[in-house]
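Taking it in order: structure first as C-alpha cells, then the write-up.
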Amino acid sequence: MSTRTPLPAQRTAVITGAASPRGIGRATAERLARRGWAVAILDIDGAGAAHAAADIAGGCSVPTVGIAADISQEESVEAAIAEIESTMPPIIGVANVAGVSSPIEFLDVTAAEWDRVFDVNMRGTFLVTRRVVPAMIAAGVGRIVSVSSISAQRGGGTYSKVPYSASKAAVIGFSRALARELAPYQITVNSVAPGPIGGTLTEERKAQMSADIPMGRVGTVDDVAAVLAFLMSDDAGYITAATYDVNGGLQIS
C-alpha cells in the first residue's frame, strides 16, 4: 500500500510561458516562489524569462533561472532542462502554461496553422513533461499541472477556434492518461481549464464576455494561478487526473 510522500524542502518548479509580466505563468511562478519553490522559467522570450526570474529572486529570495526555450523543439527542451538540473534543486513540479491561440475559421485552417498550434499547446506539453518525469520518479514524488481551456470543454465559443480547442482537449486526455501511469510513483497530474482572462481585453470586450458568465466577470491571472499553485502543493497530493474549471461557471452557461 502506498503512503503519502511529502514534497522535499529543496525543490524546483519548471514553468513554461512565464516571461510576460501580465500572464498566468508569471503569476504562478510568483506564487510558487512565495511558497518556497525554486523557480525555473522557460519561454521563447529568453530576455523576458531572465528578467522575470531576476524579479522573482529579488522579491522572494529563492533560486531562480530564466531560460530561452522553444518547447516545440526537443533539442531546445533538452538543453533547457539539462541546464536547470545542473544548477538548481531537483525538479519536483512542472506547470505547462505556454500556449498559442488561433482565431481562424476551420475551412481556412492550413496544415501549417494546425501544426503551429499543436506544436506548442500539445507537443510542447508532452516534450517538457516527458523530460522532467524521470527526476520526479527518482524523488518519489511530483506535481504536473497543464493549462487546458474552457474551449476544450465547450467546443470553442470564446476567441480561438478548432485548432486551439482540439489541442487543449488533447491536454486533458494527455493529463488523465498520464495520471494513471504515474500514480504509482506518487506523481499527480492535473489540468486547469480557464475561461476568458481580462489581460489586454478592452472594457467593452470584458463586458460583452461577462454577460455569459454566471459570476458576472472575466477571470484574472491570479484566479488561475491560485489553482495551479494549489495543485502543486503538499495539500493536493491526493488529487490526480482532475480538470479544474476556473471560468466563473462558464462551462454551465
Review point. So what's the angle, to the nearest 10 degrees on a 0 to 90 scale, between helix 221-231 and the longest Cα principal axis of the chain?
Key: 40
Exercise for review: Just grab the label-to-label distance for ALA9 and ALA226, each label 7 Å out from Cα along the Cβ direction, in nm (one decimal).
Suggested key: 3.0
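Report, in deg cm²/dmol and to the nearest 500, the calculated mean residue ellipticity at 222 nm for the chain, where each DSSP H run with n ≥ 4 adds -39500 (n - 2.57) and the sum is divided by the residue count. Write out the running numbers ahead of the final one.
Values: 9 runs with 109 residues, N = 253.
Calculated mean residue ellipticity at 222 nm is -13500 deg cm²/dmol.
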**Study point:** Cα-based Rg of the chain normalised by 2.2 N^0.38 Å, two decimals
**Key:** 0.96
Practice item. Could I have the simple spin-label model distance between ALA242 and SER2, label points 7 Å from Cα toward Cβ, reported in nm to one decimal? Key: 1.5
Practice item. Take the alpha carbon atoms of region 165-253, find their radius of gyration, then divide it by 2.2 N^0.38 Å using N residues; give the quotient. Key: 1.24
Study note, to complete from the structure: Taking Cα atoms, the helix 24-34 axis meets the longest principal axis of the chain at an angle in degrees (rounded to 10) of 30
**Study point:** Label zone at GLN73 (point 7 Å along Cα-to-Cβ), backbone N below 12 Å, region 80-102
**Key:** 80
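What net charge do the residues around GLN153 carry, taking every other residue with its C-beta under 15 Å from that of GLN153, with Lys and Arg at +1 and Asp and Glu at -1? Before the final figure, lay out the partial values.
Working: positive: ARG154, LYS161, LYS168, ARG176; negative: ASP212, ASP245.
Residues close to GLN153 contribute a combined charge of +2.
Quote the relative contact order of region 12-246 in percent (integer), defining contacts as alpha-carbon pairs under 8 Å separated by 6+ residues. Provide the component values of the computation, followed by the final result.
On the way: 484 pairs, mean separation 43.3, N = 235.
Value for region 12-246: 18 percent.
Treating only the Cβ of Lys, Arg, Asp and Glu as charged (+1, +1, -1, -1), what charge dipole size does region 12-246 show about its Cα centre? Round to the nearest 20 debye.
Working: 18 positive and 24 negative charges, 114 e Å.
The calculation lands at about 540 debye.
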**Study point:** Separation in nanometres of the label points that stand 7 Å from Cα toward Cβ, at THR87 and ALA54
**Key:** 1.3
Check your understanding: What angle, in degrees between 0 and 90 and rounded to the nearest 10, separates the Cα long axis of helix 124-139 from the longest principal axis of the Cα atoms of the chain?
Key -> 30
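Tally Lys and Arg at +1 and Asp and Glu at -1 over the other residues with C-beta under 12 Å from the C-beta of GLY36: what net charge comes out? Don't jump to the answer; show the numbers that get you there.
Values: positive: ARG11, ARG31, ARG34, ARG35; negative: ASP234.
The answer is +3.
A short reminder: the numbers here are calculations on the coordinates, not readings from a lab. Treat the numbers as computed from the prediction; the structure is a model and nothing was measured. Reconstructed Cβ throughout: ideal geometry from the backbone, glycine too, with neighbour counts over all protein chains shown.
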